[in-house]
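All remarks here apply to the structure that follows.
None of the figures in this text is laboratory data; all of them are computed from the coordinates on show. Worth saying up front: this structure is predicted, and the values here are computed from it rather than measured. Every residue, glycine as well, gets a Cβ built from its backbone with ideal geometry; the counts of neighbours run over all protein chains shown.
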Amino acid sequence: MIFQGYFIRKKIQALAKKSFARKSRYCSLYEAKTFLMTFNIKDKEDVLPCVQQLKELQKDINISVFIPKKMKVTVETDPTWLLIKEEEFGPNGLPFSPLCEQFNAIPADILIDLTREDDYAMHYLELLHPVAFKIGNKSSLRELFDLTIPMREDDSIPQSLQHILYYLQTIRSK
């Protein structure tokens, strides 16, 4: 629904203005122990090698997957993943409070957003998550992330993650 997208984008913009008061803490790849990766289920095959790469670096990976309404196929996922199903949202496009609480309870030192530009529900949840360091590549959502990695349209998710890991390796935090 067109209005649904409009309302959730407005809510995200309002929350983003308030998020500047959030205390962020830059964290290097070596300091971070736990990652929260968010992505669209359509990108599962591209993301799994990225998850494996972080696991090889001895990192704990928590996964949150957005499943759009239009996706009718049943997808086999790991039982530990938090599945965010679009059909479980309210009429305004916002997730219900129990889902927000469940998402916010996922522990993480760094949140890495690999969702799509129009996955507004995930962006809303990411804004509310208490993690201290958020990374993404969406230029239109700069205020959502502490570190925004600019990407070209032809860059793949694994390429995006390589850029993110490069910057995380070069960050020196206190």
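Observations on the model:
- Residue satisfying all of: in the stretch 108-130; acidic (Asp, Glu) and closer than 16 Å to Lys85 by Cα; farthest from the chain's Cα centre (by Cα) among these: Asp118
- Some residue of the stretch 99-107 being over 11 Å from the mean Cα position of the chain (by Cα) and farther than 29 Å from Glu31 by Cβ: yes
- Pairs, first more than 18 Å from Val51 (Cα to Cα) in the stretch 22-37, second of a type in the set (A, V, I, L, M, F, W, C) and surrounded by fewer than 19 Cβ atoms within 10 Å (Cβ to Cβ), C-beta under 6 Å, six or more apart: Ser24/Ala132; Arg25/Ala132; Tyr26/Ile171
- Some residue of the stretch 57-78 being surrounded by 20 or more Cβ atoms within 10 Å (Cβ to Cβ) and of a type outside the set (Val, Ile, Thr): yes
- Within the stretch 144-171, considering residues that are part of a helix (DSSP H, G or I) and polar (S, T, N, Q), the one farthest from the chain's Cα centre (by Cα): Thr170
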